[in-house]
Amino acid sequence: MARYLSPEWFAAGLAVGGALPERPGLSAVVEHVVGGGPDGEVRYVTRVVDGRVVQHEPGSADEPDATLTVPHAEGLAIATGELDVNAAFMQGRIKTAGRTGPLLHLLAVLQDPAWAEVTATTEA
C-alpha cells in the first residue's frame, strides 16, 4: 500500500499511467494543489501525452494547462476511489483554473479501468 502523496504513490501512478493505452491527441499538463494535509500544502504535476502519464511528481508546472485545487480529505477520497472525481468536480469540491479541455483529457485517463490499480493501493 502506498500512502497518499508519498514517493511510492507518485511512482505507482506513473507506472500504471505510463502503461495505459495510447490515445493520440489526448494530452495535458495539470498542476494539483492539495491543501490542509498533514504536510501542509502539496503541489504536484501530472503530464499526459497521447493518453499516457509521462510525469506524475511533486512540484509545480511552469505553464500548466489547468490547475486543480482540492482539500486533502477530498483528494484522498478521490485517490482511494471513495469519491468519484467527476462527482467531486460537479459538487464544487475541486476548484479549477485554466482551460477545461485539458481537464477532460485527464478525466478520460483517470476513468481507464487500469487506473483502479492505483486507487486500490492508496492509503491515508
TODO: Quick one: net charge around Ala61, please, counting Lys, Arg +1 and Asp, Glu -1 for every other residue with C-beta under 15 Å from its C-beta.
DONE: -2
Open item on the list: Using the Cα centre of the chain as the reference point, and only Cβ charges (+1 on K/R, -1 on D/E), how large is the resulting charge dipole? Debye, rounded to the nearest 20.
Closed with: 200
- [ ] Identify which of the listed values of semi-axes √(5λ) of the Cα gyration tensor in Å was calculated from the structure shown: [x] 19, 17, 14; [y] 34, 17, 12; [z] 35, 20, 10.
- [x] [x]
Task: Loop trypsin sites (Lys or Arg not before Pro), the range 20-124, which have at most 14 other Cβ atoms in a 10 Å radius of their Cβ (DSSP) - done: Arg99
- [ ] Using amide H atoms built 1.01 Å from N in the peptide plane, name the residues 5+ places from Leu26, or on other chains, whose amide H lies under 5 Å from its own.
- [x] Asp50, Gly51
Task: Ser6-Glu82 FRET efficiency (beta carbon distance; Förster radius 25 Å; 0.05 resolution) - done: 0.90
- [ ] Between Val33 and Arg99, with labels modelled 7 Å along Cα→Cβ, what's the label distance in nm to one decimal, could you check?
- [x] 2.0
- [ ] Select from the range 22-124 those GluC sites (Glu not before Pro) which occupy a DSSP coil region and have at most 11 other Cβ atoms within 10 Å, ordered by residue number.
- [x] Glu22, Glu82
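When the helix-only estimate is applied to the chain (DSSP H runs of n ≥ 4, each -39,500 (n - 2.57), divided by the residue count), what is the mean residue ellipticity at 222 nm, nearest 500 deg cm²/dmol?
Working: 5 runs with 43 residues, N = 124.
Result for the chain, helices only: -9500 deg cm²/dmol.
Any read-out appearing in this document is the output of simple, stated calculations on the displayed coordinates, not a laboratory observation. Quick caveat, the model's predicted, so the values are computed rather than measured. Glycine gets a Cβ as well: all are built from the backbone with ideal geometry, and neighbour counts include every protein chain shown.
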